[in-house]
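The values are calculated or read from the model by the stated rules, or taken from the named source; none is laboratory data. Computed from a predicted model, the values in this text were never measured in an experiment. In this analysis, Cβ positions are derived from the backbone assuming ideal geometry, glycine residues included, and neighbour counts consider all displayed protein chains.
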Ligand SMILES: CC(C)(COP(=O)(O)OP(=O)(O)OC[C@H]1O[C@@H](n2cnc3c(N)ncnc32)[C@H](O)[C@@H]1OP(=O)(O)O)[C@@H](O)C(=O)NCCC(=O)NCCS
């Protein structure tokens, strides 16, 4: 990347952040309050009625918009301080487990679908519109329509403190080591070394983190 500039995240109390909006402060307050109420109501709804979706919800979990579930009674565990973006889709069967660790962020529009198992380690971030899917259609019998054949695959493990870019697909059986970075729009079909940066279709190492 050329002409790289650094950007410092705004720090300080929420009041100092609000002051930056100047004459738009009332609108900013309305935006923050309505988002806060929406997120709290969604989490409350899942804690009270939503056992068919998330089996366990840790503390201070934020769910920004209603997720969809392809099957009922998904075995999905959300750790503490997890953030789930808008329009995410989950699929877990009675025999599969999706384990999302503490402080994981799953951005808008992600698909996390498991017939076997998917685990995401603490502190990892999943970029928007990424698909993590631990199975494929079987297609070995050309005389039977693909949709009528079974599925095959194996579980996916994503380590701690990984950053997965936008629009990636993580395919069945892949293990991503701790601290790895996956470039935007990558197709990850092989294991990824810890602290490596991979990108492309199929994803290959472009460099290692120092
Ligand atoms: C992977 C990434 C972090 C690498 O950034 P970087 O360290 O600055 O890497 P560079 O831009 O120097 O690229 C190094 C090489 O990898 C290639 N590359 C980088 N990202 C790539 C990608 N997503 N797909 C394919 N190739 C990629 C570059 O073309 C370059 O190749 P070259 O040496 O042949 O010219 C960044 O490119 C990226 O994809 N970021 C994800 C952004 C995103 O999705 N954000 C939203 C989610 S929160």
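In the range 153-197, what count of residues is obtained for those that are under 21 Å from residue 136 (Cβ atoms) and within 15 Å of the ligand (Cβ to nearest atom)? Write out each step before concluding.
So in the range 153-197, the residues under 21 Å from residue 136 (Cβ atoms) come out as 153-158, 164, 167-176, 182, 185-192.
So of that shortlist, the ones also within 15 Å of the ligand (Cβ to nearest atom) come out as 158, 164, 167-170, 176, 182, 185-189, 192.
Residues that pass the stated criteria total 14.
For the condition within 29 Å of residue 94 (Cβ to Cβ), assigned by TED's automatic domain parsing to the domain that holds residue 204 and modelled with pLDDT of 95 or more, what is the one hit in 177, 121? Walk me through how you get there before you give the answer.
Working: 177 fails: within 29 Å of residue 94 (Cβ to Cβ).
Only one candidate qualifies: 121.
Applying the selection to the range 104-122, what residues are within 16 Å of the ligand (Cβ to nearest atom), in a loop (DSSP other than H, G, I, E, B) and surrounded by fewer than 19 Cβ atoms within 10 Å (Cβ to Cβ)? I'd like the intermediate steps shown before the answer.
Within the range 104-122, the first condition is being within 16 Å of the ligand (Cβ to nearest atom), and the residues that meet it are 104-112, 120.
Narrowing further to those that are in a loop (DSSP other than H, G, I, E, B): 104, 107-110.
Within the range 104-122, 108, 109 meet the criteria.
Only one of these conditions is not met by residue 96: (1) within 23 Å of residue 56 (Cα to Cα); (2) more than 16 Å from the ligand (Cβ to nearest atom); (3) out of contact with any strand residue (DSSP E or B) (no Cβ under 8 Å at 6 or more places or on another chain). Which number is it?
Tallying (1) within 23 Å of residue 56 (Cα to Cα); (2) more than 16 Å from the ligand (Cβ to nearest atom); (3) out of contact with any strand residue (DSSP E or B) (no Cβ under 8 Å at 6 or more places or on another chain), residue 96 fails exactly one: (3).
In the range 123-134, which residues are away from the ligand (no atom under 15 Å from the Cβ) and part of a strand (DSSP E or B)?
From the range 123-134, those away from the ligand (no atom under 15 Å from the Cβ) are 133-134; that's our starting set.
Matches in the range 123-134: 133 only.
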